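K.L.:
Please read through the structure below; I'll follow up with questions.
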Amino acid sequence: MAKDALLDLVAETQTLEPQGRTRMFVLLPDVWGQERSGPVWVTVSGPRIHSTTHKKVKGYSTWIDVEAKPEYGTGFFVTVTVPLSNGKFAEATRAFSIVNKDRQLTIIRSTTRLFYQFLDNQVAEKGVEERHLKAV
């Protein structure tokens, strides 16, 4: 649990496919709301505000569902705002990118052995694969 007025957001992934979904874990501050309960506002924005919603939460944490809608373009921001017990507000923002799977690269790195002797020769293989599984 956070002992100060910081609000922490952790997303399962910050790169989504168009219309992809993910979840974001929200760790609420110890001094939020009235006796650790109240509204949590969620704003989705980009060049403009796309939506603002709220939900009632009780406790130290909650999950928020995030969806990459077509009108968001190539990226968007999710901002979470909570009231603090002193009458102020805390907010945090996470950025999300929207990238088609066929435009993503997979980076591969492997070694020939799990353990090496000190000052022994080490061999590491690297490569990049395109979406169409052609090694580059």
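A short reminder: the numbers here are calculations on the coordinates, not readings from a lab. Computed from a predicted model, the values in this text were never measured in an experiment. Backbone-built Cβ (ideal geometry, glycine too); neighbour counts: all protein chains shown.
K.L.:
Exposure proxy check: 60, 72 ranked by fewest other beta carbons within 10 Å?
P.N.:
With the sparsest Cβ surroundings first, the list reads 60, 72.
K.L.:
Right, another one. Place a point 7 Å from Cα of residue 27 in the direction of its Cβ. Which residues in the stretch 61-92 have their backbone N less than 18 Å from it?
P.N.:
61-64, 80-82, 90-92
K.L.:
So how do 30, 102 line up by other beta-carbon neighbours within 10 Å, fewest first?
P.N.:
102, 30
K.L.:
Under a plain spin-label model, where a point goes 7 Å from the Cα along Cα-to-Cβ, how far apart in nm are residue 15 and residue 94?
P.N.:
Modelled inter-label distance: 1.6 nm.
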